[in-house]
Amino acid sequence: MNHKGTQIIETKRLILRKFKVSDAQQMFDNWANDSEVTKYLTWPSHGNIEVTKELLSDWVQNYQNNSYYNWCIEFKETAQAIGSIGAVKVLEYINSVSIGYCISKEYWSKGIMTEALGAIIKFFFDEVDVNRISATHDTNNPASGRVMAKCGMKYEGTFVQAACNQQGICDIAVYGLVKRDYTGF
Ligand SMILES: CC(C)(COP(=O)(O)OP(=O)(O)OC[C@H]1O[C@@H](n2cnc3c(N)ncnc32)[C@H](O)[C@@H]1OP(=O)(O)O)[C@@H](O)C(=O)NCCC(=O)NCCS
């Protein structure tokens, strides 16, 4: 892979950029403290803005590593930080990244995560020379799978009781896309 770190990526409605500690209030208010957003995620809603601030401090430190990919999704029209998307795993030995994402409930079902994921996929294939991009979702959270499918990722199967989130142990649907099959957006 040809690591480039968390570069700024602009789409029609979004700016994908590095997080700043000063995003804490919007991150806390818009998604990190919402238990509906974190329902199928591995982490619990924050409960307290100090948790958000500490996490952001860690993330900002991590940007020193150019194989760390974690974008803040900023909605241009409102200039609000509304969510995050990034590589939750980077597997060097197979040139592969695994993607995770979430956004504020207020912005659901407007095609925003599809726009963000499409841009990230293009970045990883074209700029970082990744060969395989994967993502998983709890089978009880099909909206996440729709985003993957709309971005051209292929359903590869379901792993039974193979992960754990705020709902407990769950089945996960696995999606993947390899460079060979990538036709662009
Ligand atoms: C999952 C999530 C990222 C989707 O983001 P989004 O910006 O709303 O996604 P989009 O609008 O691009 O697409 C969502 C698709 O799911 C569909 N959808 C919404 N609710 C659904 C449901 N209950 N069942 C099936 N599909 C559903 C939408 O209709 C849309 O598909 P369409 O364009 O074919 O109509 C967002 O809901 C979220 O942040 N959820 C909480 C965190 C999370 O679950 N993250 C993923 C963990 S794997």
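The values are calculated or read from the model by the stated rules, or taken from the named source; none is laboratory data. Quick caveat: nothing in here was measured; it's all calculated off a predicted structure. Cβ: placed from backbone, ideal geometry, glycine included. Neighbour counts: every protein chain shown. Note: accessible area is taken over every heavy atom of the protein model, side chains too, but ligands, DNA and RNA are not part of it. Shrake-Rupley method; radii C 1.70, N 1.55, O 1.52, S 1.80 Å.
Within the stretch 122-145, how many residues turn out to be within 8 Å of the ligand (Cβ to nearest atom) and free of Cβ contacts under 8 Å to residues at least 24 places away in the same chain? Summing the residues that are within 8 Å of the ligand (Cβ to nearest atom) and free of Cβ contacts under 8 Å to residues at least 24 places away in the same chain in the stretch 122-145 gives 1. Do we have Gly111 as touching a residue at least 40 places away in the same chain (Cβ under 8 Å) and within 17 Å of the chain's Cα centre (by Cα) here? It is false that Gly111 is touching a residue at least 40 places away in the same chain (Cβ under 8 Å) and within 17 Å of the chain's Cα centre (by Cα). For the stretch 143-160, the criterion of being open to solvent by 70 Å² or more (accessible area, probe 1.4 Å), touching a helix residue (DSSP H, G or I) at 6+ places or on another chain (Cβ under 6 Å) and basic (Lys, Arg) is satisfied by at least one residue.
Determine, yes or no, whether Val88 is within 13 Å of the chain's Cα centre (by Cα) and open to solvent by 30 Å² or more (accessible area, probe 1.4 Å). It is true that Val88 is within 13 Å of the chain's Cα centre (by Cα) and open to solvent by 30 Å² or more (accessible area, probe 1.4 Å).
Taking the stretch 63-121 and the strands (runs of 3 or more DSSP E) fully enclosed by it, the elements with 2 or more residues that are within 13 Å of the ligand (Cβ to nearest atom) and under 21 Å from Lys4 (Cα atoms) are at 80-91, 96-103. As for the stretch 16-29, it holds no residue that is open to solvent by 60 Å² or more (accessible area, probe 1.4 Å), more than 28 Å from Glu127 (Cα to Cα) and aromatic (Phe, Trp, Tyr). Please verify whether Ser35 is polar (S, T, N, Q) and surrounded by fewer than 21 Cβ atoms within 10 Å (Cβ to Cβ), treating the condition exactly as stated. In short, yes.
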